[in-house]
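Student: Let me give you the structure first, and then I'll get to my questions.
The values are calculated or read from the model by the stated rules, or taken from the named source; none is laboratory data. Note that the coordinates shown come from a computational prediction; the quantities given were computed from them, not determined experimentally. Note that we place each Cβ from the backbone using ideal geometry, even for glycine, and neighbour counts take in every protein chain shown.
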Amino acid sequence: MPTQPKFPGDLTDREVFWRDRSSWLLERGYQLRPRYQPDWQPSWIAKNDPHRYQYEDAQVVDEAYHLMDGLRVSDGLMVMIKKVVVSDPNNPPQELSINQLLCSGSIPVDDPRNHCTPVYEVLRIPESHIYLVVMPFLRDWWPQMSDVPFSTIGEALGFIRQLFEGVQFLHNHHIAHNDIKHDNILVDSAPLYRRLMHPVVPRRKYDWTGRASPGSLTRHPVKYYFIDFDLTRQYDPQAGPARHRPHYGGDGTVPEFHAHPDEPCDPFAVDVYRLGNLIRRFLMSTQLVWEIEEVDDYRVNYALDFMSPLVSEMTHNDPERRPSMDQVVERFDGIVKGLSFFKLRLRFWPGYRKESFLTRIFWIIPRHFFSQVFNVLGRYPAIPPTPPLPRGKKRR
């Protein structure tokens with residue numbers, strides 16, 4: 001039965017789970033925020049302040065039922081701890097099995113093309129069927145507040161390249177993700193911040209002493225990761241062509257799901273379609289829902305027109321006519337080589353924010369111009385390279 005909160009802002013039942021295990025986690029090298037310590041006393045009550053959201057210890061993790069942020073004590077790295085319930089240890093959930101496979105050493109963890117979320121450690125809570133999977137702290141790659149994630153075409157191509165090489169890496173090891181969609185891609189945004197950001201309110205510093213402003217993707221490259229391996233499968237090539245029953249995963253627009261709803265399909269071709277569809281709907285247009293008729297404000301990003309031929313091939317109605325990921329990467333590299341120095345540094349999506357003419361002429365364009373001059377003088381590549389795995393030692 002749910003526990004009634006003692007005061008506004010009190011711990012929810014979902015949060016109590018983490019408070020009760022914070023000391024145990026600290027013994028294993030992971031520290032939770034003050035809110036989740038056993039002796040926590042709300043700071044806003046002590047100050048008799050009704051505006052609790054101004055205080056750090058009032059910040060709540062929305063998905064506390066299975067996720068919690070923390071710090072790795074050894075190096076100060078911010079991590080995400082995921083709760084996984086395993087009713088039968090001999091038959092763990094698919095996601096846990098795939099994570100263990102990806103970290104077992106049989107698949108190169110340090111391969112730069114590996115964009116599967118790394119697992120630092122798997123902890124089992126004593127005398128329970130609950131496992132805690134420790135991973136890097138990652139965020140949504142597409143920001144909120146009607147903003148765009150990239151300043152330049154080159155930054156967008158860096159994102160696309162990482163996605164392509166990540167899926168290519170999986171397919172080369174006979175693994176299909178089986179649920180590629182926009183919210184199954186996250187980013188390690190820590191390199192963008194000089195000081196550690198707050199996990200719930202990224203615009204504030206971790207210690208709540210002031211604002212935390214992100215830097216440029218061009219100057220501070222980030223790495224993107226695939227998550228959610230519940231449907232991921234590794235197929236045995238010796239058993240014949242990989243096949244999977246249709247109607248799985250979040251993107252239900254896959255053509256073969258509707259053309260042949262009762263026939264097993266090629267999961268690798270489905271991955272290619274969904275990846276192309278993601279680029280088409282999020283980077284090349286504002287078509288973020290199932291059908292274009294449902295979009296109130298449909299817009300096209302003409303800055304990425306050069307990607308249209310490849311994306312059209314990837315989303316072909318006939319799965320047999322879609323390119324493999326090796327072919328996708330090869331064609332993408334060819335496209336990028338044909339782009340000029342100036343093209344790569346142009347704005348990613350002019351007019352996305354619907355700025356006024358005066359704002360565009362006297363603020364947006366000059367600001368972008370001088371930013372690119374700085375990038376050129378600093379010899380920052382137009383397409384940000386893929387950084388290594390996250391590291392700690394960042395000041396709070």
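Student: Go through segment 21-54 and report how many residues are assigned to a loop (DSSP other than H, G, I, E, B) and in contact (Cβ under 8 Å) with a residue 12 or more places away in the chain.
Tutor: 9
Student: Look at ASP228 and say whether it is buried (at least 18 other Cβ atoms within 10 Å of the Cβ), touching a Lys or Arg at 6+ places or on another chain (Cβ under 8 Å) and acidic (Asp, Glu).
Tutor: no
Student: Further question on the same structure: Could you check segment 322-362 and list, in sequence order, the residues that are charged (D, E, K, R) and either assigned to a loop (DSSP other than H, G, I, E, B) or touching a His at 6+ places or on another chain (Cβ under 7 Å) (or both)?
Tutor: Residues satisfying the conditions are ARG322, ARG345, ARG347, ARG353, LYS354, GLU355.
Student: Could you check how many residues of segment 33-53 are farther than 15 Å from TYR65 by Cα, modelled with pLDDT of 95 or more, under 31 Å from the mean Cα position of the chain (by Cα) and not charged (D, E, K, R)?
Tutor: The number of residues fulfilling the criteria is 2.
Student: Taking the condition over 24 Å from the mean Cα position of the chain (by Cα), part of a loop (DSSP other than H, G, I, E, B) and at pLDDT below 90, does ASP10 pass?
Tutor: yes
Student: Confirm whether ASP57 is closer than 16 Å to VAL119 by Cα and touching a residue at least 24 places away in the same chain (Cβ under 8 Å).
Tutor: So ASP57 does not fit the description; no.
Student: Go over the candidates ASN178, ASN172 one by one and state the one that is of a type outside the set (A, V, I, L, M), surrounded by 16 or more Cβ atoms within 10 Å (Cβ to Cβ) and farther than 30 Å from ALA58 by Cβ.
Tutor: That would be ASN178, the only listed residue that is of a type outside the set (A, V, I, L, M), surrounded by 16 or more Cβ atoms within 10 Å (Cβ to Cβ) and farther than 30 Å from ALA58 by Cβ.
Student: In segment 58-84, which residue that is in contact with a helix residue (DSSP H, G or I) (Cβ under 6 Å, 6 or more places away or on another chain) and under 13 Å from PRO199 (Cβ atoms) is modelled with the highest pLDDT?
Tutor: By that ranking, first place goes to MET68.
Student: For LEU25, work out the one condition from (1) under 23 Å from the mean Cα position of the chain (by Cα); (2) surrounded by 19 or more Cβ atoms within 10 Å (Cβ to Cβ); (3) hydrophobic (A, V, I, L, M, F, W, C) it doesn't fulfil.
Tutor: Every listed condition holds for LEU25 apart from (1).
Student: Suppose we filter segment 38-53 for residues that are loosely packed, with under 11 Cβ neighbours inside 10 Å and either under 21 Å from LEU26 (Cβ atoms) or polar (S, T, N, Q) (or both); how many remain?
Tutor: 4
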